[in-house]
Amino acid sequence: MDRLTTLTQHIRDAQLQHPGASGELSSLLTQIGVAGKLISSKVNMAGLVKIRGSAGTTNIQGEVQHRLDQLAEQTIRDVVGRSGYVCALMSEEEEEVIEIDEAYRGRYVVAYDPLDGSSNIDYNVSIGTIFSIFRKVSPGDEVTKADLYRCGTEQVAAGYIIYGSSTVFVYTVGQGVHGFTLDPTVGEYILSHEDIRLPSACKVLSVNTCNGPYWSAWVHDFLGQLLARNDDQKRRLTDRHIGSLVADFHRNLLMGGIFLYPEDARSPKGKLRLMYEANPLAFIIEQAGGSATNGRDRILEIEPEWAHHRVPLVIGNSAEVELARRCVLAASGNGSSESEA
Ligand code: AHG
Ligand code: MN
Ligand code: MN
């Protein structure tokens, strides 16, 4: 029988690579895992305990909040917010940055999407929690903008918890990407996906094609080049799009694929948020051997304008991300998009 490794053991071993580390980041990640267990148990009972459906409120994004959105939000505030390791929380569900009471304040800032894929909650489709962790940089106790609006390259950790056929905790601290499956009978995350590497072949295309009428020209060029790979010899690319970013991303990470939510006439800046969707997944995909861009820039180098900064997102196999970049450049009159791939 393979040696069993728990999430806590793995995080501690990773932290031991950093002599002098206080262990606070390890403890913070473990607490995020605890929040994930609590959310997972509620997600898996949603149909039984009357927490499906809309909460009748809208969030800062102008999106209808689901009861599970609110429950996930409250769970993270209670568990992570009072862990003693964070000084501020930035949530998709809250316009303002959530400052932490002095009694519980720590050295880390956590940006998170408490429940990604909300539109799928009532239909038993996989959803998830996405998180991004920064270390406070300003001196003293006060939390400043310098601590909050940081480039993705400054993340010390990032990950997600996907609530699907099983609950899987995936994280990176810059030493590769590792996945842990929750054993609900004992409430422990067990290492199930060690050192995840993005497969070299791009097998999956994941995009909401019903946004086609709103897309910029480059998107049609890009998709046309990808679909041209399928011929009477072989279907090299298949379409899989769930509408939960975290689930589309997780499948592509394991299968090899490209996900895009480009800017369009309805969302000129893109729909997805930099701080708690694009950045954490970009950190993970780069650690697994892939890339992430907004069409021009590396996602991890984009300077956030505010907590809910939206960006176009193309994320997955590097060759296809580069092809997307060439299509954008060609559409703006710089060069040809002809794929070298
Ligand atoms: P959230 O549920 O956190 O608001 O995120 C939903 C996002 C993302 O999960 C998904 O890829 C995208 O919205 C789907 O948007 P469309 O329905 O416009 O395709
Ligand atoms: Mn989301
Ligand atoms: Mn969400």
* To do: Of all alpha-carbon pairs in segment 204-331, indicate the percentage at a distance above 27 angstrom.
  => 11
* To do: Subtracting the Cα-Cα distance from 0.36 nm times the residue separation, let me have the gained length for residue 231 to residue 125 in nm, one decimal.
  => 35.0 nm
* To do: Could you work out how far apart the two model spin labels at residue 329 and residue 104 are, taking each label as a point 7 Å from the Cα in the direction of the beta carbon, and quote it in nm?
  => 4.8
* **Rounded if a/c under 1.5, otherwise prolate or oblate - segment 7-193, Cα gyration tensor axes** => oblate
* Structure fact -> The extension gain from residue 74 to residue 154, computed as 0.36 nm times the residue separation minus the Cα-Cα distance, is 26.1 nm
* To do: For segment 281-341, just say rounded, prolate or oblate: build the C-alpha gyration tensor, square-root its eigenvalues into a ≥ b ≥ c, call rounded for a/c under 1.5, and beyond that prolate if a/b exceeds b/c, oblate if not.
  => oblate
* Find the lysine pairs in the chain meeting two conditions, Cα atoms under 22 Å apart and a separation of 8 or more places or different chains, and report how many there are. => 4
* Asked: In nm, to one decimal, how far is the residue 96 label point from the residue 336 one, both placed 7 Å along Cα→Cβ?
  -> 5.6
* Structure fact -> Scoring segment 204-331 by relative contact order with C-alpha pairs under 8 Å, at least six apart, yields a percentage of 29
* Asked: Hey, what did the chain get for relative contact order, percent, Cα under 8 Å, at least 6 apart?
  -> 14
* **Cα radius of gyration and Dmax for the chain (Å)** => 19.7, 66
* Spatial separation of Cα centroids for segment 169-226 and segment 280-323, in angstrom -> 12
* Structure fact -> Charge dipole of segment 204-331 built from unit charges on the beta carbon (Lys, Arg +1; Asp, Glu -1), centred at mean Cα; most positive-end Cα among 207, 265, 300 is 207
* To do: Rounding to the nearest 20 debye, state how big the charge dipole of segment 204-331 is about its Cα centre with +1 on each Lys and Arg Cβ and -1 on each Asp and Glu Cβ.
  => 220
* Rounded accessible area per residue of the chain, 1.4 Å, Å² -> 44
* To do: Multiply the residue separation of residue 241 and residue 301 by 0.36 nm, subtract the distance between their alpha-carbon atoms, and state the gained length in nm to one decimal.
  => 18.9 nm
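The values are calculated or read from the model by the stated rules, or taken from the named source; none is laboratory data. Since the structure is predicted, the reported quantities are computational estimates derived from the model, not experimental observations. We place every Cβ from the backbone using ideal geometry, glycine too, and count neighbours over all the protein chains shown. Heads up: the accessible areas ignore ligands, DNA and RNA and are worked out on the full protein's heavy atoms, side chains in. Shrake-Rupley method; radii C 1.70, N 1.55, O 1.52, S 1.80 Å.
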